[in-house]
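Peer 1: One structure is given below, represented as structure tokens, and several questions about it will come after.
The values are calculated or read from the model by the stated rules, or taken from the named source; none is laboratory data. Bear in mind the structure is a predicted one, so any value in this text is a computation, not a measurement. All Cβ positions, glycine included, derive from the backbone under ideal geometry; neighbour counts span all protein chains shown. Side chains are part of the model used for accessible areas, which takes the heavy atoms of the whole protein and leaves out ligands, DNA and RNA. Shrake-Rupley method; radii C 1.70, N 1.55, O 1.52, S 1.80 Å.
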Amino acid sequence: SHFCTFEKKKSYFCLSLALFVLRLLESSLLNAEVKEGEILPPTIQRLMKGYNKYLRPFFDNGPVTVGMSLDIASIDTISEINMDYTATIFLRQRWTDERLVFEGNKSLSLDGRLVELLWVPDTFIVDSKKSFLHDITVENRLIRIFPNGTVLYALRITTTVACNMDLTKYPMDKQTCTLQLESWGYNINDVMFYWTRGNESVSGLDTLQLAQYTVEDHYTSVSEAIYETGRYPKLVFHFELRRSILYFILETYVPSSLLVVLSWVSFWISLSSVPARICIGVTTVLTMTTLMMGARTSLPNANCFIKAIDVYLGICFSFIFGALIEYAVAHFCTLTHTDHVIMYGHHMHDFEDEMNGIVTTISTHSRAKRRKEPAATPPPAPTPTELTVSPSSPSGSEPKPEASPPEPTNWCLTALATLRKVLRSINCCHVQNPHHIDNYSRVTFPLSFVIVNLLYWTYYLCF
């Protein structure tokens, strides 16, 4: 029993000690608040008295209007692989809070940490993938209150924002990216957004220096975001970026064109120099393949775009591969040219002799037939039933002569002449000298490449 009484006293003592510590902490927090309130100027104390930061301004008198402006400090990276850009911006928001009106003609600049005591808009960046507020050496915030109750709230933010890109004309493309600002919880009945100075509300792009892009144009717009929960205010900043093509001309277009020209050197090398021509052809093909792989390293590995640079590299690869195939054809014609000419000559000579014999026989038979016809027995007199009166005869007494049957001799001669023309045309298509293939290639390959380049650059630069 004594042991149980001792345990009860011990537990009661511990409970009393815990309550004493809690009261001591509560009193210390109250003293800290009093001291903090004593540090605040009397004007701020009067403003904060009865102020509820959880209620927006004009809670029962319509929506509060929030004006915004931006300063683009920098655009650090623009990634085609992730299709986004990273920018550092200064976001400024202005609104009027009737509860913060005070007497005087000077504004009050407060410490950024006092923003926790005020109501602020719940603005967010719509397409942001990752954002953070700079906090070195302190959080980069600015709070300024004007006598009429206007509040200026500024932030320094670095954000990575998604940007849908059309890479069909890469690297001669032009991209349009946006920065969208919306209210998270307040709909258009509670909050209205507007740009403070229209298109001039965004500054800093005129002096911005980018690695591969130049800013061509930028403008602002005001719209609404419609969701299942309602309609929310939205501000959109649009800016157009044009890629600088000079880097890609020096890095990709000029080397690929020089490789095509290098493949044409083989047209001036003798067909008998097999190692030299094969070495040039294979080397240019492999080098072009390496160049094509390197051009895709800075782009998405899997995408549905057939880019302009892919088309040009494909054209160059086709010309280089065609030069290699040209040598294979010319070399094959060289090996088979001599035997083919001898065999073809024998066949053509035998065929012409045979044709000449056929024509001579047909002509002799025709002449002999014509000589025998006058000496033949005259035909019997026609019977009265065989005589017919010609309608065109004026007397009606002239008989109508019978049509003579066609002779097969003319048909045979026409068929033989046509066959001879076909054989001669086939003989013209035959390569008489394989060295002429190189001569033709020296002209057709450069001319075709120039024409294709004109069409390529005209299409991608003008359309």
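Peer 1: Considering only segment 218-230, I want to know if a residue exists there that is open to solvent by less than 70 Å² (accessible area, probe 1.4 Å), assigned to a helix (DSSP H, G or I) and not acidic (Asp, Glu).
Peer 2: Taking every residue of segment 218-230 in turn, none turns out to be open to solvent by less than 70 Å² (accessible area, probe 1.4 Å), assigned to a helix (DSSP H, G or I) and not acidic (Asp, Glu).
Peer 1: Tell me which residues, restricted to segment 120-157, are over 45 Å from the mean Cα position of the chain (by Cα), open to solvent by less than 60 Å² (accessible area, probe 1.4 Å) and not β-branched (Val, Ile, Thr).
Peer 2: PHE146, PRO147, GLY149
Peer 1: Does segment 156-171 hold any residues that are in contact with a Lys or Arg (Cβ under 7 Å, 6 or more places away or on another chain) and part of a loop (DSSP other than H, G, I, E, B), and which are they?
Peer 2: Passing the criteria: LEU167, THR168, TYR170, PRO171.
Peer 1: Under 7 Å by Cβ, and 6 or more places apart or on different chains, what pairs join a residue from segment 184-198 that is over 16 Å from VAL236 (Cβ atoms) and touching a residue at least 12 places away in the same chain (Cβ under 8 Å) with one that is in a strand (DSSP E or B) and open to solvent by less than 40 Å² (accessible area, probe 1.4 Å)?
Peer 2: ASN187/GLY230; ASN187/TYR232; VAL191/VAL64; VAL191/VAL66; VAL191/SER183; VAL191/PRO233
Peer 1: Taking segment 189-198, which residues are part of a strand (DSSP E or B) and either open to solvent by less than 50 Å² (accessible area, probe 1.4 Å) or among the hydroxyl-bearing types (Ser, Thr, Tyr) (or both)?
Peer 2: The answer is VAL191, PHE193, TYR194, TRP195.
Peer 1: If you don't mind, there's one more thing I want to ask. Quick check on segment 273-300: of everything there that is among the hydroxyl-bearing types (Ser, Thr, Tyr) and assigned to a helix (DSSP H, G or I), which residue is most open to solvent (accessible area, probe 1.4 Å)?
Peer 2: Once the filter is applied, the top-ranked residue is THR290.
Peer 1: Tell me which residues, restricted to segment 51-75, are touching a residue at least 24 places away in the same chain (Cβ under 8 Å) and either part of a strand (DSSP E or B) or among the acidic types (Asp, Glu) (or both).
Peer 2: VAL64, THR65, VAL66, GLY67, MET68, SER69, LEU70, ASP71, ILE72, ALA73, SER74, ILE75
Peer 1: May I pose another question? Need pairs with beta-carbon distance below 6 Å; first residue aromatic (Phe, Trp, Tyr) and within segment 263-288, second open to solvent by less than 70 Å² (accessible area, probe 1.4 Å); sequence gap 6+ or separate chains.
Peer 2: Going by the 6 Å Cβ cut-off, the qualifying pairs are TRP264/PHE445; PHE267/ASP438; PHE267/SER441.
Peer 1: OK, next. With respect to ASP173, is the statement that it is of a type in the set (Asp, Glu), surrounded by 14 or more Cβ atoms within 10 Å (Cβ to Cβ) and farther than 22 Å from SER221 by Cβ true?
Peer 2: Here the answer is yes, as ASP173 does meet what is asked.
Peer 1: Moving on. State yes or no: is VAL236 of a type in the set (A, V, I, L, M), open to solvent by less than 40 Å² (accessible area, probe 1.4 Å), under 30 Å from THR196 (Cβ atoms) and at pLDDT 95 or above?
Peer 2: On the way: of a type in the set (A, V, I, L, M): yes; open to solvent by less than 40 Å² (accessible area, probe 1.4 Å): yes; under 30 Å from THR196 (Cβ atoms): yes; at pLDDT 95 or above: yes.
So VAL236 passes the test.
Peer 1: Exactly one condition in (1) part of a helix (DSSP H, G or I); (2) open to solvent by less than 70 Å² (accessible area, probe 1.4 Å); (3) under 25 Å from VAL452 (Cβ atoms) is not met by THR334; state its number.
Peer 2: It fails just one condition, (3).
Peer 1: Moving on to the next point. For segment 95-113, state whether one or more residues are of a type in the set (D, E, K, R), open to solvent by 80 Å² or more (accessible area, probe 1.4 Å), touching a strand residue (DSSP E or B) at 6+ places or on another chain (Cβ under 9 Å) and modelled with pLDDT of 95 or more.
Peer 2: There is no residue in segment 95-113 that is of a type in the set (D, E, K, R), open to solvent by 80 Å² or more (accessible area, probe 1.4 Å), touching a strand residue (DSSP E or B) at 6+ places or on another chain (Cβ under 9 Å) and modelled with pLDDT of 95 or more.
Per-residue answers, yes or no, for (1) touching a Lys or Arg at 6+ places or on another chain (Cβ under 9 Å); (2) surrounded by 12 or more Cβ atoms within 10 Å (Cβ to Cβ); (3) assigned to a strand (DSSP E or B):
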site	(1), (2), (3)
ASN187	yes, yes, no
GLU200	no, no, no
THR207	no, no, no
TYR247	no, yes, no
GLU251	no, yes, no
SER256	no, yes, no
SER263	no, yes, no
SER266	yes, yes, no
LEU271	yes, yes, no
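Peer 1: Might you check whether a residue that is modelled with pLDDT under 85, open to solvent by less than 50 Å² (accessible area, probe 1.4 Å) and among the polar types (S, T, N, Q) occurs anywhere in segment 73-82?
Peer 2: The answer is no; no qualifying residue exists.
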